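First up is the structure itself, then whatever we jot down about it.
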Amino acid sequence: MSTPEFDSIVIGAGSARLAYAQTAAKLGANVLLVERDALGGTCVNRECVPKKILWAASGIARSATHTAQQGISTDISFDFKKLVAKRDAHIRSIHASFETSLEDVGVTLIRGDATLLNAHSVRIRDEIFTASHIILATGGRLSKMDIEGAQHLMNSRDVLEWTTLPARMMIVGGGYIGYEFAAIFTALGVKVTLVHDGAHVLDSFAENMAKHVQSGLETAGIDVLTNNGLEAVTQRGGGFECLLKPGQTLTVDAVVAAVGRTPNIEQLGPFSGRLETVSNGALAVTAQFATNVAGIYAIGDVADRLPLTPVATADVTALAHMLHCDGAAAVDLHLVATTTFVYPPAAFVGSVGDAPELAGKVVALVQNILAPDSARAPDFYKIGFDEATGAMTGAPIISDSAPDLIALCAALIAAKAPASAFTEATAIHPSFAEEFFGD
């Protein structure tokens, strides 16, 4: 049996892990990449990319409905099956580009399941491969609910395979996935009920920001049931009867569980039991992404870091330079901006806490004129500053401009920009940025 030698073996080919393989190969490393499913991982195939396409399309449908109500008449129709076909064709083109880019830099790609044998060896089918470094990038899987009738629950992967839409749906879970799907399918005409066991949705957001987002989506027609939970699901004819914790029942056409993700570790075989984990099941890693077993590293959703694609991409690029070049530093998580794509998007970076702040609410001009009264929830912003130095510490923003402005805020925090940076700059009129910079 042959045992090929590699500098690095990467298990898992999400988009960030591909970045490691390509970067390391360009630095002269001999890299083996192992993937049992489609290239690109969760983000490309089952989350960010397909969901963002649906979000953009449903946003157009939402705007068209609003403008028609305000006097700009047009025939509004939506061929969901056609949109799904175009979306899936785009994702296939991404797969093809990944394969080409790996070939171009000389990365060896093997399809199959990898079993971790020790700190330097893996088995793929009947062959053993060895390397100086093993990088675990196996991502996470959707968590399951342990309730009566769980076999009737769908998950986000199932939703992204729909070619027709239900009339009524229940989403269980008030995190990113649940909330974004609630916004998307409401805009497409589905009656959505969102059930969450916490006091408010988006638990990772500041409370006032999360409540502002929740209020906006309730205004859009979503029934948000907080401090609640799903206890059982029973099939009734063509629908599903859902029993909620207060004893309430609700009948819908589809029930989607969006209750988080579980790191993929057990699939690696018995040796993975030697790897230390943290309370959420992710692998404990150092600032250099090393596990407790010398020679094994972890990146992406399987590691105890922020589970965001840009973070994983920055981490793997740093790791490639650590192992195959002159070193690098891990990305500063305090400077990582994040956005949930609802309507309008909600984004934040850093922290505000009890710091001095600039804050305000504004109804955008276009929204004020072209949206019905029921859709005129004001945009929201807050900028926090360090009381001693005046340097910016964080910002939450809810606005159509939020995904772009939040990156600017992250850069200003990194530069330790003072409050005067916002009052001295002059923004475009009329725009949300004018409010944001003008206080």
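The values are calculated or read from the model by the stated rules, or taken from the named source; none is laboratory data. All values reported here derive from a predicted model rather than from experimental measurement. Methodologically, a virtual Cβ is constructed for each residue, glycine included, from the backbone with ideal geometry; neighbour enumeration extends over all protein chains shown.
Going through (1) in contact with a Gly (Cβ under 9 Å, 6 or more places away or on another chain); (2) among the polar types (S, T, N, Q); (3) assigned to a loop (DSSP other than H, G, I, E, B) one by one, residue 73 falls short only on (1). Can you find even one residue in region 194-211 that is touching a Pro at 6+ places or on another chain (Cβ under 9 Å), farther than 17 Å from residue 151 by Cα and not aliphatic (A, V, I, L, M)? Yes. Annotation note: Cβ proximity below 6 Å between a residue of region 219-240 that is within 30 Å of residue 344 (Cα to Cα) and without any contact (Cβ under 8 Å) to a residue 40 or more places away in the chain and a residue that is part of a strand (DSSP E or B) and not hydroxyl-bearing (Ser, Thr, Tyr) (sequence gap 6+ or interchain) occurs for 225/195; 228/195; 228/244. Checked against (1) of a type in the set (A, V, I, L, M, F, W, C); (2) over 30 Å from residue 11 (Cα atoms); (3) surrounded by 17 or more Cβ atoms within 10 Å (Cβ to Cβ), residue 257 meets all criteria but (2). Would it be correct to say that residue 317 is polar (S, T, N, Q), in the same structural domain as residue 30 (by TED's automatic domain parsing), farther than 22 Å from residue 121 by Cβ and surrounded by 22 or more Cβ atoms within 10 Å (Cβ to Cβ)? The answer is no for residue 317.
To keep it simple, each residue is scored yes or no on (1) assigned to a strand (DSSP E or B); (2) over 22 Å from residue 5 (Cα atoms); (3) modelled with pLDDT of 90 or more; (4) out of contact with any Pro (no Cβ under 8 Å at 6 or more places or on another chain).
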| position | (1), (2), (3), (4) |
| --- | --- |
| 84 | no, yes, yes, yes |
| 87 | no, yes, yes, no |
| 90 | no, yes, yes, yes |
| 100 | no, yes, yes, yes |
| 131 | yes, no, yes, yes |
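Considering only residues in region 227-285 that are assigned by TED's automatic domain parsing to the domain that holds residue 137 and acidic (Asp, Glu), the one that is farthest from residue 155 (Cα to Cα) turns out to be 276. Can you pull out the residues in region 16-38 that are surrounded by fewer than 24 Cβ atoms within 10 Å (Cβ to Cβ) and farther than 17 Å from residue 122 by Cα? Scanning region 16-38 gives 19, 22, 23, 25, 26, 27, 28, 29, 37, 38. Would you be able to say whether some residue in region 312-321 is modelled with pLDDT under 95 and either among the aromatic types (Phe, Trp, Tyr) or more than 24 Å from the chain's Cα centre (by Cα) (or both)? Taking every residue of region 312-321 in turn, at least one turns out to be modelled with pLDDT under 95 and either among the aromatic types (Phe, Trp, Tyr) or more than 24 Å from the chain's Cα centre (by Cα) (or both). Within region 196-216, not a single residue is aliphatic (A, V, I, L, M), in a strand (DSSP E or B) and touching a helix residue (DSSP H, G or I) at 6+ places or on another chain (Cβ under 9 Å).
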